[in-house]
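I have placed the structure first, in the form of structure tokens, so that the comments after it can refer back to it.
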Amino acid sequence: MIREIIKHLRIYAMLVRMNVMSQMEYRANFVTGMLMELGYLVVKILYVLVAFRAGRRIAGFSPDEVLVFVGTFVLVTGFYAGVFMMNLFQLSTLVRDGSFDALMTKPISLQFLATFRRSDIGIFLIDSVAGIVMVAIGLARIGGSLDVPRTMGYAVFVASGAAVGYALYLIPQSLVFRIVNTSSIAELTDSFWDFNNVPMIVYGKVGRAIGVFVIPMFVITSFPALFVLGRMTVPYMIWGLAAPFLFLGIARLCWRSGIRHYTSAGG
Amino acid sequence: MGDVAAKYGRSFSIGLRGAIEYRLNFAFSILSAVSPVVIQTALWTSLYSPGSGETLFGFTYAQMIAYTVVANLVSRLVRTGFEYELNTDIRTGGLDRYLVKPIGYFGFRLFVFLGTKSTQTGLTLVLLAIATWVLNAVLGIPVSVAAAFAFAASLVVAFLLNFLIFWCVGMAGFWLTEIGFLFEAARIVIITASGGIFPLAVFGPTAQAALNMLPFRFTIQFPTELLCGRIPTGQIAADFALSFVWIGVLTALARALWSAGIRRFAAVGS
Amino acid sequence: MAIIEVDRLSRSFRYYEKQGGLGASLRNLVARRTLVREAVKGISFSIGEGEVVGFLGPNGAGKTTTLKMLAGIMHPTSGAAHVLGHVPWQRKKDLRMRIAIVMGQRSQLWPDLPAVESFELNRAIYEIERAEYSRVLGELVELFDIGGLLPVQVRRLSLGERMKLEIVAALLHKPRVLFLDEPTIGLDLLSQRTIRDLVRTLNQRYRTTVMLTSHYLSDIEDLCERVILINRGTIVYDGPLTGVNATLAERKTVRLVFSAPVAQDVLSQYTGYQSLDGLTASFEVERSEVRAFSRKVLDDLPVVDLTIEEIPLEEGIAALYRGELPRG
């Protein structure tokens with residue numbers, strides 16, 4: 001079991017390296033890809049701008065705290081846009097051109113190979129660096145120290161958020177094995193990602209409950225931010241640690257069901 | 001004359017058919033316009049103090065919500081996508097076909113665009129009608145008949161302008177090979193500059209003054225503010241005049257870029 | 001024990017009817033018709049170790065579908081199969097470590113990188129020891145003379161070179177079974193020959209069991225001692241190649257193009273006359289007679305162009321159906 005995990009980690013390192021090398025062949029694309037991500041970043045920061053210019057608290061959070069929220073959002077977006085999103089949204093292309101079949105015959109987790117093949121380190125770096133900088137500035141302005149336990153806890157919740165994000169986005173994309181063209185589902189769910197652009201408190205009690213427990217969008221970025229701002233309750237902490245396991249399990253089930261359908265219905 | 005109409009009619013039909021085929025896709029596409037509205041409405045709701053009638057960036061709460069809803073719908077209405085197909089035509093040399101055909105490439109692209117738009121427009125206009133009713137009944141922002149007509153006129157301008165803007169953006173494909181991300185980056189910046197995310201007022205008075213001079217405002221912000229009755233009657237004519245000037249300027253730019261691009265295409269190939 | 005055992009394997013597909021035109025598209029919005037296509041109908045065969053078996057048939061015959069089922073990519077609708085003792089569509093890791101698949105015109109190599117990078121990835125995926133990997137790679141490089149190709153980006157190579165590397169990539173882990181799906185499709189004649197040589201060599205050297213699908217007879221001719229002919233989902237012939245050759249390759253189509261019109265009754269005097277279309281006439285001639293025939297027509301008739309073609313596969317298969325079975 002451990003050997004398998006190590007094997008997959010080693011292969012992931014190789015894949016990242018191969019992706020970087022491949023992207024270096026298309027320098028213009030690499031640069032414009034980062035420009036595009038910067039464009040998205042500007043829009044995200046606009047929300048912070050509005051908060052600062054309005055000069056007031058958003059649902060009890062000061063503009064600096066909002067900066068920490070949005071910074072966390074940007075950081076986790078690095079995982080979304082740089083690590084797993086493009087694989088999930090390209091699944092239908094993979095299935096349609098037949099390349100998916102070859103992946104199925106390899107002695108390695110199909111889900112792993114299909115969902116982590118590609119990565120874009122440029123985009124990942126832009127988002128993670130910008131995000132961390134925003135969080136650091138926000139925390140510095142608020143004052144208070146950032147000690148090791150707090151940083152580690154933040155990292156844990158960021159990782160948990162990324163995992164939940166992966167699982168949540170894999171679930172609808174598993175439909176690619178039933179309805180081959182999932183590009184519109186991709187577009188729809190992609191638009192949901194931005195729900196995290198504002199602190200989850202603004203969505204009201206019902207919205208928050210749904211977004212935390214039913215479709216845990218807010219676990220992805222609001223949780224780490226709440227934690228590092230010292231505003232996290234114990235129930236949320238427990239849920240924040242349990243949710244990734246639960247939803248990764250659900251995503252795995254959906255994936256396997258999709259594969260079963262693919263191999264039975266053909267295509 | 002009838003021949004020409006028939007040719008353009010076919011282009012229209014191609015766009016229409018394509019849109020119907022992807023029925024579910026297109027329904028989802030409309031749905032994904034809802035998310036930003038929800039997010040921004042939640043943001044504004046938490047920013048404005050309830051029931052105080054205060055203004056932020058020159059908007060009352062009701063006006064800001066109205067702006068958010070309508071701007072998002074208009075943004076969806078006027079958006080393009082043909083620049084990618086244009087780029088594919090340049091890349092694969094498919095442009096050759098159109099150089100020989102009697103129907104000009106520009107005309108072809110424009111009418112396919114309008115054809116695709118007419119299916120999407122149908123539903124979006126229904127949504128807009130519902131939104132207008134909401135504005136009227138719930139938010140207390142009445143929409144006069146005159147405003148509705150002005151809005152419709154501004155929409156035509158918006159379609160043309162957006163087509164022209166993205167046509168010019170698409171022309172970059174003649175000079176740059178790896179263009180996909182550039183289009184997306186341009187689209188985001190243009191939408192922001194058009195007031196599609198937040199009204200241009202959030203950028204501050206100086207920035208807003210500058211942005212108001214540019215053509216982008218007329219694709220989203222101007223139609224939206226017309227419908228919400230935020231443009232003083234005396235200013236409407238002047239604003240339309242500026243938009244016409246921009247249509248002229250962009251058409252000239254589009255032609256210039258096309259000639260330069262085509263020359264390069266013929267010489268260099270794709 | 002056979003390496004590959006197939007018992008009454010069947011596979012059918014459901015699909016939706018599609019018609020052109022605006023009216024049909026609107027109707028499709030409301031209701032769609034479902035049709036069923038039986039791609040594979042209860043086929044059975046077995047393949048022993050070291051055999052190179054050709055799966056031959058026209059397009060849509062069911063070859064690729066059968067291959068996919070044996071590679072574990074697809075479940076059958078009914079029937080059973082075993083590859084190396086495993087049920088392929090259960091996709092056990094043990095089986096996946098010991099088989100390989102290469103599909104024509106579909107690349108598993110990363111196009112923007114030199115092939116050797118993709119090889120390294122395979123090394124990690126198939127858990128090949130570094131020393132063993134170097135040894136096998138060295139052997140394959142020498143055997144197939146690909147040394148010069150390794151440091152070049154895959155997308156810069158020709159189709160034939162790319163296919164060679166695809167097969168090498170599939171051999172690094174020394175699979176016991178190699179599935180090749182239309183490996184020579186889209187390749188020029190020389191590359192086709194090279195690929196065939198490659199497969200023959202690897203079979204001789206490593207005793208790899210090879211199952212190859214194609215709709216080119218020449219693929220099978222060169223490589224396979226045994227051929228399974230499949231048409232419309234059923235096996236029409238399963239046996240030595242010589243038998244098939246006898247029926248399919250014995251006769252050739254000779255096409256003549258004239259510089260001036262030639263009357264039909266003149267042409268019908270030659271045995272094997274088939275048809276006349278403008279200035280082009282077709283004849284079916286026994287392979288052994290082709291030379292004599294060609295000399296005669298070139299002397300007698302105003303021929304400007306002469307081509308000798310294989311009888312299309314479908315006709316040959318139809319001939320088999322008619323009972324013109326091979327002798328020994």
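The values are calculated or read from the model by the stated rules, or taken from the named source; none is laboratory data. Every value quoted in this text rests on a predicted model; they were computed, and no experiment measured them. Cβ: placed from backbone, ideal geometry, glycine included. Neighbour counts: every protein chain shown.
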On the given criteria, is residue B:144 within 12 Å of the chain's Cα centre (by Cα) and either buried (at least 20 other Cβ atoms within 10 Å of the Cβ) or not aliphatic (A, V, I, L, M) (or both)? no
Can you name the number of the only condition in (1) surrounded by fewer than 17 Cβ atoms within 10 Å (Cβ to Cβ); (2) more than 18 Å from the chain's Cα centre (by Cα) that residue B:258 fails? (1)
In the set A:36, A:21, the lone residue that is within 20 Å of residue A:77 (Cβ to Cβ), modelled with pLDDT of 90 or more and facing another protein chain (nearest Cβ under 9 Å) is A:36
Does residue C:282 meet the test of being at pLDDT 85 or above and within 31 Å of the chain's Cα centre (by Cα)? yes
Do we find that residue A:167 is away from chain B (no Cβ under 14 Å), in contact with a Phe, Trp or Tyr (Cβ under 6 Å, 6 or more places away or on another chain), among the small types (Gly, Ala, Ser) and in a helix (DSSP H, G or I) in this structure? yes
Please specify each residue of the stretch C:252-290 satisfying the condition of being acidic (Asp, Glu) and over 23 Å from residue C:218 (Cβ atoms). C:265, C:277
Looking at (1) in contact with a Ser or Thr (Cβ under 8 Å, 6 or more places away or on another chain); (2) closer than 30 Å to residue C:156 by Cβ; (3) within 8 Å of chain B (Cβ to nearest Cβ), which is the only condition residue A:16 fails? (3)
Here the residues within the stretch C:117-135 that are assigned to a helix (DSSP H, G or I), hydrophobic (A, V, I, L, M, F, W, C), more than 7 Å from every other protein chain (Cβ to nearest Cβ) and surrounded by 18 or more Cβ atoms within 10 Å (Cβ to Cβ) are C:119
So which helices (runs of 4 or more DSSP H) stay within the stretch B:1-90 end to end and still have 1 or more residues that are farther than 30 Å from residue A:181 by Cα and at pLDDT below 80? B:2-21
Residue pairs qualifying under the 8 Å Cβ cut-off, at least six apart or on distinct chains, with the first in the stretch B:38-55 being in contact (Cβ under 8 Å) with a residue 60 or more places away in the chain and the second being of a type outside the set (D, E, K, R) and part of a helix (DSSP H, G or I), are B:40/B:68; B:40/B:72
Going through (1) in a helix (DSSP H, G or I); (2) among the charged types (D, E, K, R); (3) facing chain A (nearest Cβ under 10 Å) one by one, residue C:139 fails only at (3)
Could we say that residue C:288 is over 20 Å from residue C:232 (Cβ atoms), modelled with pLDDT of 80 or more, hydroxyl-bearing (Ser, Thr, Tyr) and loosely packed, with under 13 Cβ neighbours inside 10 Å here? yes
Which condition breaks for residue A:15 when tested against (1) of a type in the set (A, V, I, L, M); (2) surrounded by 22 or more Cβ atoms within 10 Å (Cβ to Cβ); (3) within 30 Å of residue C:177 (Cβ to Cβ)? (2)
Checking residue B:200 against (1) buried (at least 22 other Cβ atoms within 10 Å of the Cβ); (2) in contact with a Ser or Thr (Cβ under 8 Å, 6 or more places away or on another chain): exactly one of these is not met. Which one? (2)
I need every pair where a residue in the stretch B:164-178 that is farther than 19 Å from residue B:107 by Cα has its Cβ under 8 Å from the Cβ of a residue that is assigned to a helix (DSSP H, G or I) and β-branched (Val, Ile, Thr), sequence separation at least 6 or different chains. B:178/A:32
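Matching residues to (1) more than 30 Å from residue A:21 (Cβ to Cβ); (2) among the hydroxyl-bearing types (Ser, Thr, Tyr); (3) in contact with a helix residue (DSSP H, G or I) (Cβ under 8 Å, 6 or more places away or on another chain); (4) modelled with pLDDT of 90 or more:
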{"residue": "C:6", "(1), (2), (3), (4)": "yes, no, yes, yes"}
{"residue": "C:45", "(1), (2), (3), (4)": "yes, no, no, yes"}
{"residue": "C:52", "(1), (2), (3), (4)": "yes, no, yes, yes"}
{"residue": "C:65", "(1), (2), (3), (4)": "yes, yes, no, yes"}
{"residue": "C:75", "(1), (2), (3), (4)": "yes, no, yes, yes"}
{"residue": "C:91", "(1), (2), (3), (4)": "yes, no, yes, yes"}
Scan of the stretch A:44-81 for residues that are free of Cβ contacts under 8 Å to residues at least 12 places away in the same chain and surrounded by 19 or more Cβ atoms within 10 Å (Cβ to Cβ), ordered by number: A:50
Pairs only if they're at least six apart or on different chains, beta carbon under 6 angstrom, first in the stretch C:199-220 and closer than 18 Å to residue C:45 by Cα and in the same structural domain as residue C:67 (by TED's automatic domain parsing), second among the aliphatic types (A, V, I, L, M) and in a loop (DSSP other than H, G, I, E, B); list them, first residue then second. C:209/C:3
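Residue by residue, here is whether (1) within 12 Å of chain B (Cβ to nearest Cβ); (2) within 28 Å of residue A:137 (Cα to Cα); (3) acidic (Asp, Glu); (4) surrounded by 19 or more Cβ atoms within 10 Å (Cβ to Cβ) holds:
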{"site": "A:162", "(1), (2), (3), (4)": "no, yes, no, yes"}
{"site": "A:194", "(1), (2), (3), (4)": "yes, yes, yes, yes"}
{"site": "A:203", "(1), (2), (3), (4)": "yes, yes, no, yes"}
{"site": "A:234", "(1), (2), (3), (4)": "no, yes, no, no"}
The stretch B:63-97, residues that are more than 20 Å from residue B:196 (Cβ to Cβ) and touching a residue at least 60 places away in the same chain (Cβ under 8 Å): B:86, B:87, B:90, B:91, B:92, B:93, B:95
Test residue A:157 against the criterion of being closer than 19 Å to residue A:224 by Cβ, without any contact (Cβ under 8 Å) to a residue 60 or more places away in the chain, more than 10 Å from every other protein chain (Cβ to nearest Cβ) and touching a helix residue (DSSP H, G or I) at 6+ places or on another chain (Cβ under 7 Å), and give yes or no. no
